[in-house]
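Please treat every number below as a calculation from the coordinates, not as lab data. Predicted, not measured: the structure shown is a model, and the values here were computed from it. Neighbour counts run over all protein chains shown; Cβ positions are idealised from the backbone, glycine included.
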Amino acid sequence: MFTTLVFWDDDHISAQMLAAHLAPDVEAASRTHEVIDRSARWIVEVLGLGHGDRVLDLGCGPGLYACRLAHGGVAVHGVDVSRRSVAHARQVARAEGGSVRSAALAHFRWWLRAVEGGSPGLS
Ligand SMILES: C[S@@+](CC[C@H](N)C(=O)[O-])C[C@H]1O[C@@H](n2cnc3c(N)ncnc32)[C@H](O)[C@@H]1O
């Protein structure tokens with residue numbers, strides 16, 4: 001049985017996960033926010049990200065990386081199975097307005113359906 005959706009999008013589990021993600025000093029669901037700040041700067045530098053570049057953040061959660069990368073004209077598309085996390089990411093992206101050029105965050109349900117349906121090449 002494919003349990004990803006059941007687990008990550010469960011109402012109770014996704015609420016706990018979001019709280020863990022958003023606790024800045026907790027190294028659990030994600031890294032500490034200080035480490036994420038540094039990692040995002042490192043990614044931008046190493047990849048030379050700039051205006052017009054596009055980033056796909058698979059399993060973006062509440063957008064901790066996606067929203068940090070979506071600056072200076074970098075378009076970030078984050079996908080995650082947790083509706084609660086995606087809703088949070090969208091909210092942050094909206095609130096950051098001008099500084100977040102683009103952070104289009106969407107569910108990845110179509111992919112899950114494909115996996116559950118046993119599409120060739122996916123496991
Ligand atoms: C440990 S969290 C990390 C989130 C984020 N990358 C970060 O570091 O802050 C893993 C994330 O992957 C998502 N996820 C797990 N399996 C997935 C799948 N098959 N498709 C889409 N998202 C998935 C979960 O909902 C969760 O938000």
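Table for the structure above
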| quantity | calculated |
| --- | --- |
| Sparsely packed GluC sites (Glu not before Pro) within region 8-87, loop by DSSP, other Cβ within 10 Å at most 12 | Glu27 |
| Phi to ³J(HN,Hα) by Karplus 6.51 cos²θ - 1.76 cosθ + 1.60 over region 43-59, Hz, x for Gly, Pro | 4, 4, 5, 5, 7, x, 5, x, 3, x, 6, 10, 10, 10, 10, 7, x |
| Net lengthening on full extension, Ala15/Val35 (0.36 nm per residue, minus Cα-Cα) | 4.9 nm |
